[in-house]
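Just below is one structure, and these are the notes that go with it.
The values are calculated or read from the model by the stated rules, or taken from the named source; none is laboratory data. Owing to the predicted nature of the structure, the values given are computational and were not obtained by experimental measurement. Every residue, glycine among them, receives a Cβ derived from its backbone with ideal geometry; neighbour counts consider all protein chains shown. Heads up: the accessible areas ignore ligands, DNA and RNA and are worked out on the full protein's heavy atoms, side chains in. Shrake-Rupley method; radii C 1.70, N 1.55, O 1.52, S 1.80 Å.
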Amino acid sequence: MSTSDPFEIFLACAPGLEAALLAEVHAKGFANPVATGGGVTIEGGWPDVWRANLELRGAGRVLARFGNFMAFHLAQLDKRSRKFDWAAVLRPDVPVRVEVTTSKKSKIYHAGAAVQRIEKALVESFGATLASDAPICLKVRIDDNKVQFSVDTSGESLHKRGHKPAVNKAPMRETLAALMLSECGYDGREPVYDPMCGSGTFVLEAAEIALGLNPGRSRHFAFEQLATFDPQVWADMRAGSARLETDLRFYGSDRDAGAVRMSAANAEAAGVAHISHFEVKAVSDITPPDGPKGLVIVNPPYGARIGNKNLLFGVYGALGKVLMERFSGWRVGIVTNEAGFARATGLPFLPHGAPIAHGGLKVRLYRTDPLP
């Protein structure tokens, strides 16, 4: 494969949010996006890989599917791996680790044996260095006797934006928060308020979108250590997006003073402190901020996180009562793992979507139209 030939790129996301990621990928202009289980596939070249890591808020990881061949037994896997053009993608001086998944539809079904053969081929034919903590992960899928090679171009998960120093005990991943904002119809042109803000994830994501900031602007990626990397093109790409201006403000409150301090510190690190405001406030005391109406989005405690979930029905009920009484014209999004908690709010929710994998649980996003 030539390094300029288009190939398939897989953009991973939390199951249940594939449609939301597909909408973001469409909006960003990537070629031939198709939703599939656990993500979206596109077609492109290495600059598209770099741009996906830099710009996509909802993708958790970007895998470049850069080559494949058929193999019906281990000896054939060994021989064809030795002939594969690894130098087109990998660098011998950058350590690599190999992960293999197989299916029963393949004659090669023992993943451990396949790992050994591919590792040996990499070392003996290419001079690769292997390491369990290598910065480059070669992912190999053997399905129906087709051996597909992918490289994880992200490194650390993309929810780690690189500019969030403080995280609370039950964080909402930034990638999930971004897609849930999108599911609520948020596009950067209205205020957002989170009355249980924790470390400020929803507020920060909303503010960054309003300012047109790329989510990957503050971090490094695994693709920077591949043979396909062009530092000048990457530098131009990072410098190419202009920061937008906005008159909007983004708000968070929490009854925990430590959470409020954490959110303010994170806003400062992300470069959005000038348009965000955090304060210590109980849910019973919240009021709409001055200015245009927008979106209230909140990730309240779940029964699994607290222990005695019966205590939480009152929390959800109080939240719903305050929103109905004081936030006329605002839309609401609430994330929870139990329909009973959502019902306890008394809010007029629209039909909900698919369950979403989050922290070992299945949660749903409950949304409303503008409240009466």
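Going Cα to Cα from LYS105, which lysines come in below 22 Å? Please leave out same-chain ones fewer than 8 positions away.
LYS79, LYS139, LYS146
Which whole-number percent is the relative contact order of region 91-228 (Cα, under 8 Å, 6+ apart)?
So the answer I get is 24 percent.
Using a Förster distance of 45 Å, how high is the FRET efficiency between LYS293 and ALA227, based on the Cβ-Cβ distance and rounded to 0.05?
Efficiency at R0 = 45 Å is approximately 0.30.
Accessible area per residue for the chain in Å², computed with a 1.4 Å probe and the full protein assembly in place, what is it?
Roughly 44 Å² per residue, with all protein chains present.
Run the dipole for the chain about the Cα centre, Lys and Arg Cβ at +1, Asp and Glu Cβ at -1, nothing else charged, and hand back the magnitude in debye, nearest 20.
1040
Output the pairs from LYS281/LYS362; LYS28/LYS164; LYS164/LYS309 with a Cα-Cα distance over 26 Å in this structure; if there are none, say none.
Beyond 26 Å: LYS281/LYS362; LYS164/LYS309.
Measure off, as a whole percent, the carbon and sulfur share of the 1.4 Å-probe accessible area of region 1-92, all protein chains present.
After summing per-atom areas, the C and S share lands at 54 percent.
Which one, ILE136, GLY112, ALA23, projects farthest toward the positive side of the charge dipole computed for the chain from Cβ point charges (K/R +1, D/E -1)?
GLY112
Grab the Cα-Cα distance for ASN308 and LYS83, subtract it from 0.36 nm times how many residues apart they are, and report the gain in nm with one decimal. Let's see the in-between values first.
Working: separation 225, 0.36 × 225 = 81.00 nm, distance 5.94 nm.
Gain in length upon complete extension: 75.1 nm.
Mind pulling the angle between the C-alpha long axis of helix 257-270 and the longest principal axis of the chain? Nearest 10 degrees, somewhere in 0 to 90.
Once rounded, one gets 50 degrees.
ASP93 to ASN145: FRET efficiency via 1/(1 + (r/R0)^6), r the Cβ-Cβ distance, R0 35 Å, to the nearest 0.05?
Using R0 = 35 Å, I get an efficiency of 0.60.
Using label points projected 7 Å from each Cα along Cα→Cβ, tell me how many nm separate SER328 and ASP5, to one decimal.
That separation, rounded to one decimal, is 6.4 nm.
Compute the label zone of VAL123 within region 71-92: residues whose backbone N is under 20 Å from the point 7 Å along Cα-to-Cβ.
74-87, 90-92, by backbone N distance to the label point.
How much length is gained if the chain between MET70 and LEU130 is pulled fully straight, taking 0.36 nm per residue apart and subtracting their Cα-Cα distance, in nm to one decimal?
19.2 nm
Out of residues 5 or more away from GLY39 or on other chains, whose amide H comes under 5 Å of its own, with H placed 1.01 Å from N in the peptide plane?
HN-HN under 5 Å from GLY39: CYS13.
Can you give me the relative contact order of the chain as a percent, contacts being Cα pairs under 8 Å and 6 or more apart?
15
Students often forget the sequence filter, so: which aspartates and glutamates lie under 14 Å Cα-Cα from LYS321 once same-chain residues fewer than 8 apart are removed?
Those aspartates and glutamates meeting the cut-off are ASP285.
Note the angle between two axes, namely the Cα long axis of helix 310-326 and the longest principal axis of the Cα atoms of the chain, as a number of degrees from 0 to 90, rounded to the nearest 10.
70
Can you list residues from other chains, or at least 5 along the same chain, whose modelled amide H is less than 5 Å from the amide H of SER276?
Here the answer is PHE250, since their amide H atoms fall under 5 Å of that of SER276.
With angles folded into 0 to 90 degrees, how steeply does helix 201-211 sit against the dominant principal axis of the chain? Use alpha carbons for both and round to 10.
80
At 222 nm, what value in deg cm²/dmol follows for the chain if DSSP H runs of at least 4 each add -39500 (n - 2.57) and the sum is divided by all its residues, to the nearest 500?
-9000 deg cm²/dmol
Would you work out what percent of the accessible area of region 142-296, with all protein chains in place, is carbon or sulfur (probe 1.4 Å)?
Result for region 142-296: 48 percent of the exposed heavy-atom area is carbon or sulfur.
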